[in-house]
Amino acid sequence: MSKIIVVGGGAAGMMAAAKAAEDGNEVVLYEKNEKLGKKVYITGKGRCNVTNACDTTEFFQSVLSNEKFLYSSIYGFDSQAVMDFFERNGCPLKIERGERVFPVSDHAVDIIKCFERVLERYHVVVKKNTEVTQLLIDENGVVTGVEIKHKERIIADAVIMACGGKSYPSTGSDGKTFALLEKAGHHVNELRPGLVPLEIAEEQCKQMQGLSLKNVTLTLYCGKKEIYQGFGEMLFTHFGISGPLGLSAASYANAKCYKKEWLVRIDLKPALSEEQLDKRLLRDFEADKNKQFKNALSGLLPGKMIQVMPSICKIPEDKAVHDITREERKQLVKALKQMEFHATGTRDFNEAIITIGGINVKEINPSTMESKLVKNLYFAGEMIDVDALTGGFNLQIAWSSGYLAGESAGSEGRI
Ligand SMILES: Cc1cc2nc3c(=O)[nH]c(=O)nc-3n(C[C@H](O)[C@H](O)[C@H](O)COP(=O)(O)OP(=O)(O)OC[C@H]3O[C@@H](n4cnc5c(N)ncnc54)[C@H](O)[C@@H]3O)c2cc1C
C-alpha cells in the first residue's frame, strides 16, 4: 500500500483518487474550492455530457492535440468503461444524439454525488478549501510530498497533479499551479483558449446578433490553408460567431494556427450547388420581378440576414428585381455559398470551455502518466497538452488519464 496525494478535485482528480483508493492505497485528495467538481457542475449546461459512446477509433478524430499520447489511457479505460463505472456506482446514464452520454436525471450534480459515494467507500480523505502551494522534490529528483497552506508539509509516496487548465477560472482551474511544475523543470506549452467564440472584424455580425443558423457549413482558413470545416449550427453575436461551429473553428484556429489571420467562409445553402441556387434565384426573381431587391429575399433568408445581404453582395437594397444583372445575381450566389468574414481572434479564457496547451506530453510517460523528469509525480486531465471537440470527449480524457494515473501511482511496480 502506498500513500498517494491527489492535487485537484475536478473530473480527473476524483477519478484518479477513486482508482488509487480502490486498489487499496491510502489516498488524500486536496481541492482548493469549498466543494469537489465545481467545473463538472456546469458541464453540458448543467446536464454533464459525461462521455461519447462512439467507437474508440472514431473518438480520436475529435481530439485536436496530441491524440497519440492518449492511446494507452483511452484504450485502457474507454467510454464503455466510463459508462460502466457510473452505472455500477449508482448513476444511470442515457445516450442522446451524436452518441453523447448524460445522466438519466439530466443533473451534473449526480456525477459529483456518485464520486462522493465512491471516495467515501474507499476511505479517501478529502481536504477541501486546501490549496497545494509547493511540490516537495528531493535531491534525487523524486517527489516526496506537497506543501499546503501555512507551509504544512505532507509526505507521500506519489503525487498526482490534476489541477485543470485555465478556462472558466472562477471554477478553480486558473492556471496558477503550472508554476509549481515549471519550477520542477517541466515545460508548459503556451496556454490558449479552446472551444470559445470567434471575434469577427465585420460589423455585419453585430447587425445579425442573436441570429442562429442551422444546417450550414462553416470553413476556416489560415492564410490559404483550410484548417477546419464543419456542418451544423452557428450563432451571430455582438462580437462575432459562436454556437457549435464557431467554438470548434476557434479551437482549430488556436490549436493549429495561433495568432495568424483567419478567414471564415459560410455556406448558407450547402444542399444546393451554385448552378442549382442560381436557377432557384431566377425562379424567385421572376415571381418577384417588380419588387425591390430587399423585399425579394424572404423565401431565401431569415429577416436579420436580409437587412445585411445588400451590403454583403453589393446590390442596392432598393434596386428593382427586374433590373438585377446576371453579374449581380452571381454576386448574390457567391454571398450565399461563400459568405466571408475575417476573424481577428477569439474570446478569452473566461468564456473558453477548454484550455489548449499545458504540460508538454514529451515529458510524460503515456503508459503510466508519470513525469519523465520527476519520479513518482503523475499528471491527469486538462493540465496536460491535450484537448478535444465538444461531445463528451474532454471529460473522457479527464476520466481516462485520471484512471491511468491513479492505477499507476498506486501500483507496486512504481517503487
Ligand atoms: C462551461 C463548460 C462546459 C463544459 N461541458 C463539458 C461537457 O459537457 N462534456 C465534456 O466532455 N467536457 C465539458 N467541459 C470540459 C470539462 O469540464 C473539462 O475538460 C474537465 O473538467 C477537465 O477536468 P480536470 O479535472 O482536468 O480539470 P478541472 O475540472 O478544471 O479540475 C481541476 C481542479 O483542480 C483544483 N485545483 C487547481 N489548482 C489546485 C491546487 N494548487 N490545489 C488544490 N486544488 C487545485 C481546481 O479548483 C479544480 O477543482 C466543459 C467545460 C466548461 C467550462
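Derivation of every value follows stated rules applied to the coordinates shown; laboratory data play no part. Note that the coordinates shown come from a computational prediction; the quantities given were computed from them, not determined experimentally. Reconstructed Cβ throughout: ideal geometry from the backbone, glycine too, with neighbour counts over all protein chains shown.
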Original post:
Can you list the cysteines of the chain that have no other Cys Cβ under 4.7 Å away?
Top reply: 48, 54, 163, 205, 313
**OP:** Quick one: Debye curve from the alpha-carbon atoms of the chain only, equal weights, vacuum; give me log10 I(q)/I(0) at q = 0.06, 0.09, 0.10, 0.13 Å⁻¹ to two decimals.
**Re:** -0.30, -0.60, -0.70, -1.02
**OP:** Could you list, in their original order, any pairs among 19/45; 39/304; 3/183; 224/291 whose Cα atoms are separated by more than 31 Å?
**Re:** 39/304; 224/291
Subject >> Global form of segment 1-92, assessed from the alpha-carbon gyration tensor, a/c cut-off 1.5 >> reply: prolate
Original post:
GluC sites (Glu not before Pro), restricted to segment 15-53: which are DSSP loop and have at most 13 other Cβ atoms within 10 Å?
Top reply: 34
Subject >> the chain - mean residue ellipticity at 222 nm from DSSP helices (-39,500 (n - 2.57) per run, n ≥ 4, rounded to 500) >> reply: -9000 deg cm²/dmol
Subject >> Counting DSSP beta bridges with both ends in the chain, the antiparallel % (nearest 5) >> reply: 75
Subject >> segment 209-314: chymotrypsin sites (Phe, Trp or Tyr not before Pro) in DSSP loop, at most 14 other beta carbons within 10 Å >> reply: 258
Original post:
Between the DSSP loop rule and a limit of at most 14 other Cβ atoms within 10 Å, which GluC sites (Glu not before Pro) in segment 143-223 are left?
Top reply: 203
Subject >> Set 35/94; 260/334; 259/337; 214/260; 166/269 screened for pairs whose C-alpha atoms are more than 30 Å apart >> reply: 166/269
**OP:** Over all alpha-carbon pairs of segment 1-160, lay out the pair-distance distribution in 5 Å bins, whole %, shortest bin first.
**Re:** 2, 9, 15, 18, 18, 16, 12, 7, 3, 1, 0
Original post:
How large is Rg/Rh for segment 321-415, to two decimals, with Cα atoms and a Kirkwood Rh?
Top reply: 1.39
Original post:
How would you rank 123, 342, 107, going from fewest to most other Cβ atoms within 10 Å of each one's own Cβ?
Top reply: 123, 342, 107
**OP:** Could you grab the relative contact order for the chain? Cα pairs under 8 Å, six or more apart, rounded to a whole percent.
**Re:** 25
**OP:** Provide the net charge surrounding residue 237, with neighbours chosen by a C-beta distance below 15 Å and charges set as Lys +1, Arg +1, Asp -1, Glu -1.
**Re:** -3
Original post:
Just from the alpha-carbon atoms, what are the Rg and Dmax of segment 197-347 in angstroms?
Top reply: 15.7, 50
**OP:** Evaluate segment 111-270: find the radius of gyration of its Cα atoms, find its Kirkwood radius, and give the ratio Rg to Rh.
**Re:** 1.13
